[in-house]
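Computed from the coordinates by the stated procedures, all read-outs in this text should not be read as laboratory data. Computed from a prediction, not measured in an experiment: that's the story for all the values here. Note that we place each Cβ from the backbone using ideal geometry, even for glycine, and neighbour counts take in every protein chain shown.
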Amino acid sequence: CSESDLGPISLNWFEELTSEAPP
Amino acid sequence: AAEEHPAEIWCDSLKLGNLQLVSKLKNPSDSCSVDVSSVWWEVTGCKESCIITACEFTVSLWKSLDNWQWRKVYTWHFTEIPVLQIVPLLDACNLVCVALGHLEIREIRLLFCSDDDECLKQSLVKSGNIKAVLGLRQKRLVCSNGTLHDHRVDLMTFSESGRSKEKQTLMSPEETILAFAEIQGMQDALLGTTLTSNIVIWNLKTGQLLKKMQIGNSYQASICHKAYSDMGLLFVVLSHPHGKEIESMGTPIFRLIAINPKTALSVDVRPYSLPQGHTGRFLDGEVKDNLAAAVLTSGTVAVWDLFLGHCTALLLPNSDGNWSFVKWSDTDSCLLAGQKNGSVFVYSY
């Protein structure tokens with residue numbers, strides 16, 4: 001799996017999605 | 001002969017494979033057996049791994065004796081609605097949930113013993129039109145219920161004794177959830193699959209719906225079994241009860257996909273298919289760590305090593321009949337395979 005297939009990868013995806021999602 | 005029938009010879013060597021029969025439990029009940037699981041229970045002052053079996057109107061706890069023998073110690077009885085499945089609360093001790101209903105789940109009940117007199121107790125946890133349920137670590141249970149317009153996702157946390165519970169509502173994806181799966185190693189994250197081929201992720205601490213991701217039409221009505229987070233990606237094991245046979249690769253029973261939760265893009269990683277000469281669709285199954293087991297419509301149980309990528313064992317129907325449910329023991333590498341007549345076989349892997 002590479003970034004060309006899946007886009008930019010973030011190791012902190014859970015924290016980032018939590019801060020972006022509606023409360 | 002080997003040259004003429006290479007596939008058959010290979011399948012013969014797969015039969016049992018890494019599985020070794022270590023014991024058999026026979027439930028003398030006349031009613032149909034529906035499920036099995038393992039659970040931690042304190043019996044005679046000592047916490048130990050027990051087996052729990054479910055028939056239509058009874059749920060029984062079995063304590064292990066010496067030499068892989070089992071003794072039934074408790075039986076809970078139900079009178080009105082039959083049992084559909086056992087819902088273990090993973091690392092909990094002396095607590096287990098069961099789902100009751102006819103075709104769909106109508107009730108979830110918590111089973112436990114009272115501290116004072118060791119009387120068997122059961123309490124109603126949830127009732128209604130329940131679509132999906134999963135027991136989680138830390139004595140938590142998540143379930144989705146209601147129809148499209150009054151859809152709810154509830155997370156309940158039970159006390160040690162089972163007497164009280166805290167309830168929290170998770171944000172609804174506003175569509176029918178088919179299954180939940182834990183994300184291994186992330187106790188505050190939960191994953192689900194929906195009727196319209198979406199994968200959804202929640203934060204269990206805040207109740208937020210973090211992402212809703214479309215995974216394509218080829219995954220119609222997929223059931224998620226387990227997810228693993230690694231290097232910023234989510235690896236999700238799905239099964240396809242309604243999947244079509246793909247000629248080049250046989251019948252894929254499970255499939256591993258990789259998802260980038262940030263971009264919602266996904267790719268296929270690997271299908272887990274039946275060996276040549278075997279057919280069937282997914283009926284029931286469970287994934288634990290790197291092992292996946294499934295009961296097929298043919299009555300056979302198949303086991304895959306998710307890392308190796310191929311089927312490592314087959315349990316063909318025996319003289320007692322077809323297999324109808326299968327679970328991994330939570331405490332050791334044992335496969336619990338059951339038949340409708342009440343027989344549960346324990347295989348070490």
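Mind checking B:262-270 for the average number of partner chain beta-carbons within 10 Å of each residue's beta-carbon?
Numbers: counts 10, 8, 2, 6, 3, 4, 1, 1, 0.
Across the residues of B:262-270, the mean count of other-chain Cβ atoms within 10 Å is 4.
Take each residue in B:35-42, count the other chain C-beta atoms within 10 Å of its C-beta, and the mean is 0. Restricted to Cα atoms, the protein assembly as shown shows a radius of gyration and a Dmax of 20.8, 68 angstrom.
Based on every Cα atom in the stretch B:107-236, Rg and the maximum pairwise Cα distance Dmax equal 15.8, 54 Å. Ordering B:163-175, B:194-206 by mean Cβ neighbour count within 10 Å, with the highest value first, yields B:194-206, B:163-175.
Before anything else, pin down the relative contact order of chain B: Cα pairs under 8 Å, at least 6 apart, normalised by residue count, whole percent. Write out the running numbers ahead of the final one.
On the way: 905 pairs, mean separation 49.6, N = 349.
Rounded, it is 14 percent for chain B.
Taking the helices alone, chain B has a mean residue ellipticity at 222 nm of -500 deg cm²/dmol, built from -39,500 (n - 2.57) per DSSP H run of at least 4 residues and averaged over all its residues.
Using the reciprocal of the averaged 1/r over all distinct C-alpha pairs, how large is the Kirkwood radius of the stretch B:258-346 in Å? Could you put the intermediate results ahead of the total?
On the way: mean 1/r = 0.0706 Å⁻¹.
One over the average 1/r among Cα pairs gives 14.2 Å for the stretch B:258-346.
Quick check: pseudo-label points 7 Å beyond the Cα along Cα→Cβ at A:Ile9 and B:Ser172, how many nm apart are they? Computed distance between label sites A:Ile9 and B:Ser172 equals 3.6 nm.
Calculate, in nm to one decimal, what B:Ser114 and B:Leu90 gain on full extension: separation in residues at 0.36 nm each, minus their alpha carbon distance. Mind dumping the intermediate values first?
Values: separation 24, 0.36 × 24 = 8.64 nm, distance 2.02 nm.
This chain segment gains 6.6 nm when fully extended.
Just the ratio, please: alpha-carbon radius of gyration of chain B over 2.2 N^0.38 Å, N its number of residues.
Scaled against compact globular proteins, the figure is 0.99.
Just for chain B, what percent of DSSP beta bridges are antiparallel, to the closest 5? Bridges in chain B that DSSP calls antiparallel: roughly 95 percent. Pairwise Cα distances in the stretch B:160-281 exceed 18 Å for 54 percent of all pairs.
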